[in-house]
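Working notes, beginning with the structure itself.
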Amino acid sequence: MSCFSCFSSQEKKLSKRPNNNNNNNNGKRIQHHPTQITPQKASQPQPENHYQKAKANPPTEPKINKETNKENGHNIAAQTFTFRELAAITRNFRQENLIGEGGFGRVYKGRLEKTNQEVAVKQLDRNGLQGNREFLVEVLMLSLLHHKNLVNLIGYCADGDQRLLVYEFMLLGSLEDHLLDLEPQQKPLDWFTRMKIALDAAKGLEYLHDKANPPVIYRDLKSSNILLDKDFNAKLSDFGLAKLGPTGDMSHVSSRVMGTYGYCAPEYQRTGQLTVKSDIYSFGVVLLELITGRRTIDNTRPSREQNLVSWSYPVFKDPQRYPELADPKLEGNFPMRSLHQAVAVAAMCLNEEPSVRPLISDVVTALSFLGIDPMNQDPQVLSPIDMPSPTQKNEESSATLSLLDDDSAVERQKAVDEAMEWGSNTRNKPSSL
C-alpha cells in the first residue's frame, strides 16, 4: 500500500498496487449541504503548513505502509488507482456521468474494466468541506470495518494533489432521494420499507458502537448518508467525520463540533463532548424523518414547524397524538401499533439527556419487531414519555455554539494519529471486530 505523507500536493505520485479484495461499495447520490455545521474555513485543507509540520516530525507522519497491507485478517484491502485510470472509467469525468454533488466534491458513475463492476467515484474538492484528514480517515475506517450495512470501499487515488474514493454503485441513491426529494410522479416509500431502512441503519450503528474496539462514533448520520441498493437495503456512508470513541474510564471524547445542523445532539453542540449517545440522537432524527416524511430543518414551513424535533416534542408526550406525526403521503397505510412503537423509539433517542437515550442494541431489538403483524391495526396503549421540551435558549444558541474554532494542524495530526493507532490495534486484535 502506498504512503499517505499527509496527502500534500508535494507528495510523489502513488504507484498502483492492486490488492485481492472482495469489495463492492457505495455509489451514493450526494446532496448539497446548506445546513452544514462546520464552516468552510474550518474544514479547508492547509496543505503547505500541514506538510511542513509532518516533515519536521517524521515519527508522527501518517503512513499506510507495507506492514499495514499484510494478509493478517484486518488489512487495508482497498485498491490503489491512478488518476488516469479513474478518469478513463468515468469518461474523463463527463457531466453525463455526474450522479451527485455535495460540499466535499462530486460523485461520478463509472465501470471498472477488469471486473465490469459499476462504481461510484467521489472526487474531493480541494476547496470543499472535507480535506486530507477526512480522506485518510475514510480510507482507514472503511478498509478495516466490514459489515453488510456499511459501505464497502473498493479503492482510492492519491495521485499528486488528487483525492478520489471508489465505492460500489448503489442503484437507488440515498434515503433522502426517496423520502425528502420526491419528484411529482415519484411513489413514496411504504411504511414497511421505511422501517426496514431504519433497522438497517441501526444495525450499521450497532456494529460501529458494539463490535468495533474501540467503538467508532459515526458523527454524521443523516438521510443523505444512508444509501440504498436495488432492494432498498441500507448502508451507512461517508466516514470522513468518524471519531474513535472513549476507552477505559473515559466517558467521552472531546472534538471540534462537526456534522450537519439539525442532526447533531444538543450536548455535543454545546460542549464538544462526543459519545455514542450523540449518534443515537442523530438516529432519532432520521427515524423521525422516516415517520413524518419531513426534513429536520425546513424553512418553507410555518415558524413553529421549521425544526422537526422541536415541533414533535409536544406530540411525544401524548400517545393519542402519535398519528399526527405520520407522513400524509402514506395515506394511513400502516399498522397503528407499528407507528406507536416507531414514535416511542424516536422519542427515546431524542431525549435531551444523553444517559436516558437507549443503547443502539436496544434500538435494533425494538425495530426488529415493527411490522411483524401487518394485519393487526389496533393501536398499542403506551404511557406518555416524559421528555423535557427544548428551551428557546438551546434553539438560539445551537447555530452559534456549533461554529467552533478552526481545526489546527495539531488537531488534524492528532486525528490522523488516532485513526492510525486504532487501525494498528485492530490488526493486532483480529477477534475484536
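The values are calculated or read from the model by the stated rules, or taken from the named source; none is laboratory data. Because the structure is a prediction, the values reported are computed rather than measured. Virtual Cβ from ideal backbone geometry, glycine too; neighbours counted across all protein chains shown.
This table checks each residue for (1) touching a residue at least 12 places away in the same chain (Cβ under 8 Å); (2) out of contact with any Pro (no Cβ under 9 Å at 6 or more places or on another chain).
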site: 258; (1), (2): yes, yes
site: 303; (1), (2): no, yes
site: 307; (1), (2): yes, no
site: 323; (1), (2): yes, no
site: 327; (1), (2): yes, no
site: 330; (1), (2): yes, no
site: 333; (1), (2): yes, yes
site: 350; (1), (2): yes, yes
site: 357; (1), (2): yes, yes
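Residue selection: residue 101 fails the criterion of being at pLDDT below 90, closer than 16 Å to residue 225 by Cα, crowded, with 23+ Cβ neighbours inside 10 Å and among the charged types (D, E, K, R).
Candidates 257, 309, 285: the one that is at pLDDT below 95 and within 22 Å of residue 354 (Cα to Cα) is 257. Restricting to the stretch 165-178, name every residue that is buried (at least 24 other Cβ atoms within 10 Å of the Cβ) and of a type in the set (A, V, I, L, M). Passing the criteria: 165, 166, 170, 175. The criterion of at least 1 residues that are polar (S, T, N, Q) and more than 15 Å from residue 347 (Cβ to Cβ) is met, among helices (runs of 4 or more DSSP H) falling completely within the stretch 262-332, by 266-271, 276-292. The condition (being of a type outside the set (A, V, I, L, M, F, W, C) and over 20 Å from residue 235 (Cβ atoms)) is satisfied by just one residue among 148, 187: 187.
Comparison of 159, 177, 125 shows that the only residue that is free of Cβ contacts under 8 Å to residues at least 40 places away in the same chain and of a type in the set (Asp, Glu) is 125.
Look at (1) surrounded by fewer than 19 Cβ atoms within 10 Å (Cβ to Cβ); (2) more than 20 Å from residue 228 (Cα to Cα) and you find that residue 147 fails only one, number (2).
To keep it simple, each residue is scored yes or no on (1) under 19 Å from residue 219 (Cα atoms); (2) touching a residue at least 40 places away in the same chain (Cβ under 8 Å).
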{"residue": "261", "(1), (2)": "yes, yes"}
{"residue": "274", "(1), (2)": "yes, yes"}
{"residue": "279", "(1), (2)": "yes, yes"}
{"residue": "295", "(1), (2)": "yes, yes"}
{"residue": "315", "(1), (2)": "no, no"}
{"residue": "342", "(1), (2)": "no, yes"}
{"residue": "360", "(1), (2)": "yes, yes"}
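All of (1) surrounded by fewer than 23 Cβ atoms within 10 Å (Cβ to Cβ); (2) at negative phi hold for residue 262 with one exception: (2).
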